[in-house]
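Quick notes on the structure that follows.
The values are calculated or read from the model by the stated rules, or taken from the named source; none is laboratory data. What you see is a predicted model; the values in this text were computed from it and never measured. Remember, those area values only see protein heavy atoms, side chains included, never the ligands or the DNA or RNA. Shrake-Rupley method; radii C 1.70, N 1.55, O 1.52, S 1.80 Å.
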Amino acid sequence: MPQGSKAGPVGSASGVVSFGTERVGETVTVEPFFAPGGNLEFFAKGVSPVSIEVISTGKVINSSPPFGPTVLAAVPLVESVPGALDASVKQINVVVGAAYKKGKKTTYYITVPKKCPKGGFPLKTVMEFGNINNPKEPGEKAEASYKAPCPKK
């Protein structure tokens, strides 16, 4: 996949930022991009009430059955305003998947099996919440699983 090309549509994330002891809601856009080595990068941008711009990293790995590809993404700690508590993420909504054409050949980054398993496609994501100032410090992980319904025939 060409480095720097979009890895999906613009998503969003919501959370809270601090002003002293007051916690205020913040919504940011999240844009996935392909990074060197087959990795992913996510550019998050918020404009109100705080200006936030942060890049986080991720990758797609094979997972153990019954899951197919797993998206691993780091959610860095972000200082909302100097001296305040870090911003907190409540929810992230992002779609990862794309294709590109080279000549007449289409290459897909993530594909869905031709046959839908009974009960739907099992999906899983793992988010790691870490420290942007010390990326080597281990973060806290959260996993979510979902069964996507089979497409109508």
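Kindly report, to the nearest 10 Å², the accessible surface of E140 as traced by a 1.4 Å probe over protein heavy atoms only. It works out to around 140 Å². Is the shape of the range 49-94 rounded, prolate or oblate, going by the alpha carbon gyration tensor and its root eigenvalues a ≥ b ≥ c, with a/c under 1.5 for rounded and a/b larger than b/c for prolate? Prolate is the answer for the range 49-94, as a/c is 1.5 or above and a/b outweighs b/c. Pick from F33, F42, F129: which residue has the top mean-square fluctuation in a GNM of the chain where Cα pairs under 10 Å get a spring? In this elastic network of the chain, the residue with the biggest mean-square fluctuation among F33, F42, F129 is F129.
At a 1.4 Å probe radius, which order do E137, E143 fall into by accessible area, largest first? Provide the component values of the computation, followed by the final result.
Values: E137 85, E143 130 Å².
The ordering from most to least exposed comes out as E143, E137.
Once all protein chains are placed together, E53 keeps about 120 Å² accessible to a 1.4 angstrom probe.
F43 exposes around 60 Å² of accessible area when a 1.4 Å probe is run over every protein chain in place. Stretching the chain fully between T27 and F67 yields a gain of 11.4 nm (0.36 nm per residue, less the alpha carbon separation).
Rounded, prolate or oblate: which fits the range 5-50 when a ≥ b ≥ c are the square roots of the eigenvalues of the alpha-carbon gyration tensor, with rounded for a/c under 1.5 and prolate only if a/b beats b/c? Prolate.
Calculate the translational D of the range 1-95 in whole µm² s⁻¹ from Stokes-Einstein, where the hydrodynamic radius comes from the Kirkwood formula applied to all Cα pairs, the temperature is 25 °C and the viscosity 0.890 mPa s. Show your work: numbers first, answer last.
On the way: Rh = 14.3 Å.
D, rounded to a whole number, is 172 µm²/s.
Over the range 13-106, Cα pairs under 8 Å with separation of 6+ residues give a relative contact order of 28 percent.
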